[in-house]
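S.K.: Next up is a structure, given as C-alpha cells.
The values are calculated or read from the model by the stated rules, or taken from the named source; none is laboratory data. Note that the structure is predicted; figures quoted are calculated from it, not measured. Here Cβ is always computed from backbone atoms with ideal geometry, including for glycine, and neighbour counts include all displayed protein chains. Side chains are part of the model used for accessible areas, which takes the heavy atoms of the whole protein and leaves out ligands, DNA and RNA. Shrake-Rupley method; radii C 1.70, N 1.55, O 1.52, S 1.80 Å.
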Amino acid sequence: MANKIKSVKELDFKPQGKVFPSPHDWRDVFIYFMLVDRFDNNQQNLPAYDPASAAKGRDAEQGRLFQGGNLKGIIRRLDYIRGLGANAIWLSPVFKNRREKNDTYHGYGIQDFLEVDPRFGTKEDLQELVRQAHKRSMYVILDIIINHTGDNWAYPGDLPFYYWKEAPYPFDFGFWREVNPAAGFQEDDAIWPEELQNLECYKRRGQIRNWGDPDEAINGDFLSLKELDIKKPDVLDTLIKAYKYWIAIADIDGFRVDTVKHMESSETAIFCNAVREYAKRIGKQNLFIFGEIVGEDQTIQSYIGRNSRVEGTNERFPSLDAALDFPLYFILEETIKGFVKPSALRERYEQFRTQYADHGAAGRYFVTFVDNHDQMARPYRRLMHRNPYPAQAVLAIGYLLTCQGVPCIYYGTEQGFDGGGDNDSYVRECMFGGQWGAFDSTGHHFFNPGNPIYQSIAKIADIRRREPALRYGRQYFREISGNGIDFGHPFDGKCTLAYSRILDNTEVIVAMNLDANARNDFITVDAKLNPSGLKMFNLMGPKKQVTVEQIGSRHAVRILLDGHEMAVLKRPESS
C-alpha cells in the first residue's frame, strides 16, 4: 500500500512526455478489438495450430476463467495486427478487477480504477504497449466503464436483491467485500479510489429484471455489478479524473464507453466533454469517444451528432463522437450469407440522407462490426459458426472496409474462428490457445498471416487506405441486371450486392457475389463520372477489367464474379 494511489486528489494530469497526435479523421482508422485475457500470453515456443494434427477437446469450465493473456503478449503481436492493415487496437478493460474472483477475465468488474489488473501486467506494460503502438503509427483505445463498478459490496446477507420500481430506496447496504484481515481497507479490499468508498455513490436499487424498461435499465444494477449514481457531481468528477489520468500517464488515443444506454444522457455528455476538453488542452486534438448503445438508429441519434442538454441548466455539451453500429450488426450477417435480400441494408443507408445534414459524413458517427464479444443478435455464436464458406468472412469484413463508418474487426475473425455455444465464453476463444483455444483445441496459437482470410482482409484494408472515396465518400446501392435490359435492386439474397462510394469526381464500385455459384451481372454506374467506353479496373487484382456500356440512358459495367468473390472497381487515375 506504500506506493498505492488511494485518492484522485493524488493524481497528476501532466502528460508523461510528448503527446501522440490524434488522427485527423477516425475514418482513416481500422480498429482491431481484442479481449486482453484471450489474445496472447507472451509464452515462447507455442506451436502453431494445424487442423490435421491438433488434439480436440476442451474443458468447458476453462472458458469462464482467466487464461493468461497479458499486455506484453499484445506488444509482441503488434506487427501481426499491423500486417492485417489495422492501425488501431481497442483493448477490453485493463483496470484491476477483484483478485479473489477468477471469472472476470473480461475486465468489466472494476475494483480499482487507478491500477492495471496485475493478471494483465503493470502500468509500465501499458505505457510500453502504447509507445510501441505509436512507433508503428497505431492508436490505442481503452474500453472504459462509468456506469458501474465490480461486485465490491453486497446487499444484506449477500443475497441477490432485484429492482422493484415501487420499493423504497436506496436498499440497505450489507458489507464491503474484503480479502485481507488487516485493519482498514487494503489494496484488494472494497473499491479504489477511496472517493468511491462512500455508500452514497451507489443507487442501491437491485438487479435489473426488465431490460426493456428505460427507468429500470438506467437505475438498476447490471447483474451483480453495482450501479454508480453518476448524477451526483462528486461521483462523476471522480470518474472524469480517473480516466483523464490514464490519458496523462499512458497517452491513450480514445475510449470505448461500455453500457451507455444504462446511463443518464446529461451525465454522459458532461463526462465526454470534460475528457475531450482535457485532451485538447494537452494537444490530443481528436480523442475518439465511442459508445456501446444497443438499439436502433433513433436511439443512437440521441447520443451522437448533436449537443445534449444538461438537465436543470441551459448548458449543452457534445456527447459521444460515435457509436458501435448495432443497426448494421443486426442485419449484416444474414445479408452477407444470402439469407435475406439486401433491401433492409439499402434502406438503412438511404435514411442517412434525411437523418444527417451531410450523408457522406454520416460514417464518422459509427464504428462498424460484424463479430464481437457479446453477440447480442445471435447468442452466442460467431459469424463463421457452422459456416462452410470461409470467403463469407472476407465479404463481411470487406463490407465494413468499403462501407461508411470506422471499421472494426474482432480478434480471430481473420483466422476463421467459428465459436458458438450456450454462453459468451464460446465467442471468446484464446488466440494463443491456452486451455480455451479455437476449434475445440488447446495449446496451439492462431497467429497465421498466411491464412487466406487474413491475406484477403489485408488486401482490402490496403485498398481502403489508398482510396479516399472508401473512407469519406457518399454511398449508393446500385441496381443490377442479369440480362442487361431489366435493372432493379436485388429481390433475392443470392445476388450480386453492388454499391458505390462517390467523392468529388471519383466513383469506386464494390461488387460482392453473395451466391456460392458464379454470377455475371450488369451493375449501374454513375454516367457523368464514367463515360461509355471507359475501362474500369478491379483493385483486388490486375486480371479483371470491365468496360462501361451505355444501355439506354443508363451506364453499366458487366463483371463475372466467382462464388463469394468481391471486386472493387475504379477508373484509372488519368482517365
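S.K.: Could you rank the peptides 56-66, 114-124 by their average count of other C-beta atoms within 10 Å per residue, with the highest value first?
M.R.: Ranking the peptides 56-66, 114-124 by packing returns 114-124, 56-66.
S.K.: State to the nearest 20 debye the size of the charge dipole of the range 416-568 about its Cα centre, where the only charges are +1 on K and R beta carbons and -1 on D and E beta carbons.
M.R.: 740
S.K.: Hey, another quick one. Which order do you get for 213, 358 if you rank them by accessible area with a 1.4 Å probe, largest at the top?
M.R.: Ranked from most to least accessible, the order is 358, 213.
S.K.: Just the C-alpha atoms of the range 427-490: what Rg/Rh do they give, with Rh taken as the Kirkwood radius?
M.R.: 1.26
S.K.: Hey, what did the range 409-559 get for relative contact order, percent, Cα under 8 Å, at least 6 apart?
M.R.: 14
S.K.: Radius of gyration and Dmax for the range 135-275's Cα atoms, expressed in Å?
M.R.: Answer for the range 135-275, Rg first and Dmax second: 16.3, 55 Å.
S.K.: Fully extended, how many nm does the chain gain between residue 311 and residue 423 (0.36 nm per residue separation, minus their Cα-Cα distance)?
M.R.: 36.4 nm
S.K.: Any chance you could look up the accessible area of residue 408 with a 1.4 Å probe, heavy atoms only, rounded to 10 Å²?
M.R.: 10
S.K.: Still on this structure, please answer the following. Using the C-alpha gyration tensor of the range 285-420, what are the square roots of 5 times its eigenvalues, in whole angstrom, with the largest one first?
M.R.: Ellipsoid half-lengths, sorted descending, are 30, 16, 13 Å.
S.K.: Going down the table (4/226; 18/226; 96/459; 101/244; 6/203; 135/459), which pairs top 30 Å between alpha carbons?
M.R.: 18/226; 96/459
S.K.: Name the residue from 81, 225, 524 whose Cα lies farthest towards the positive end of the charge dipole of the chain, charges +1 on Cβ of Lys and Arg and -1 on Cβ of Asp and Glu.
M.R.: The Cα lying farthest towards the positive end belongs to 524.
S.K.: At 37 °C and 0.692 mPa s, grab the translational diffusion coefficient of the range 346-413 from Stokes-Einstein with a Kirkwood Rh over Cα pairs, rounded to a whole number in µm² per second.
M.R.: 245
S.K.: Run through every distinct alpha carbon pair of the range 303-344 and return the Kirkwood hydrodynamic radius in angstroms, one decimal place.
M.R.: 13.0
S.K.: Keeping every protein chain in place, order 306, 465 by accessible area at 1.4 Å, biggest value first, i.e. largest first.
M.R.: The most accessible residue leads, giving 465, 306.
S.K.: Would you please put 389-402, 125-138 in order of how densely packed they are, using the mean number of other Cβ atoms within 10 angstrom per residue and starting with the highest?
M.R.: 389-402, 125-138
S.K.: Averaging the inverse of every distinct alpha carbon separation and then flipping it gives the Kirkwood radius. What is it for the range 114-186, in angstrom units?
M.R.: Result for the range 114-186, one decimal place: 16.5 Å.
S.K.: Determine the order of 28, 234 by accessible area, beginning with the largest, at a probe radius of 1.4 Å.
M.R.: 234, 28
S.K.: Please report, for the Cα atoms of the range 42-99, the Rg to one decimal and the Dmax as a whole number; what are they, in angstrom?
M.R.: Values for the range 42-99 (Cα only, Rg and Dmax): 14.8, 40 Å.
S.K.: Kindly report, to the nearest 10 Å², the accessible surface of residue 53 as traced by a 1.4 Å probe over protein heavy atoms only.
M.R.: Accessible area of residue 53: about 90 Å².
S.K.: Let me ask something additional. What number results when the radius of gyration of the range 521-575, computed over Cα atoms, is divided by 2.2 N^0.38 Å?
M.R.: 1.10
S.K.: Still on this structure, please answer the following. Using only the alpha-carbon atoms of the range 61-176 as identical scatterers, what base-10 log of I(q)/I(0) does the Debye formula give at q = 0.21 Å⁻¹?
M.R.: Each listed q corresponds, in turn, to -1.19.
S.K.: Can I ask one more? Could you compute Rg(Cα) / (2.2 N^0.38 Å) for the chain, with N its residue count?
M.R.: Compactness ratio reported: 1.00.
S.K.: Okay, next question. What is the packing order of peptides 158-164, 511-517, taking the mean over residues of other C-beta atoms within 10 Å and listing the highest first?
M.R.: Put in order of decreasing packing, that is 511-517, 158-164.
S.K.: Let me ask something additional. Quick one: give the max-minus-min coordinate of the C-alpha atoms of the range 480-531 along each principal axis, largest first, in Å.
M.R.: Rounded to whole Å, the extents work out to 34, 21, 17 Å.
S.K.: Okay, helix-only estimate at 222 nm for the chain: each DSSP H run of n ≥ 4 adds -39500 (n - 2.57), divide by all residues, round to 500 deg cm²/dmol; what do you get?
M.R.: -6500 deg cm²/dmol
S.K.: A further question on this structure: Considering only protein heavy atoms, what is the solvent-accessible area of residue 560 at a probe of 1.4 Å, reported in Å² to the nearest 10?
M.R.: 90
S.K.: Once the cut-off is 15 Å, how many percent of the Cα-Cα pairs in the range 192-265 end up in the long-distance tail?
M.R.: Cα-Cα pairs in the range 192-265 separated by more than 15 Å: 60 percent.
S.K.: Normalising by the residue count of the range 483-556, find the relative contact order in percent from Cα pairs under 8 Å and 6+ residues apart.
M.R.: Worked out over the range 483-556, it gives 25 percent.
S.K.: Averaging sequence separations of C-alpha pairs under 8 Å and six or more residues apart, then dividing by the length of the chain, give the relative contact order as a whole percent.
M.R.: 14
S.K.: Another one. So what does the Cα-only Debye profile of the range 374-519 read at q = 0.18, 0.19, 0.20, 0.21 Å⁻¹, as log10 I(q)/I(0), no solvent term?
M.R.: So the normalised log intensities work out to -1.12, -1.19, -1.24, -1.30.
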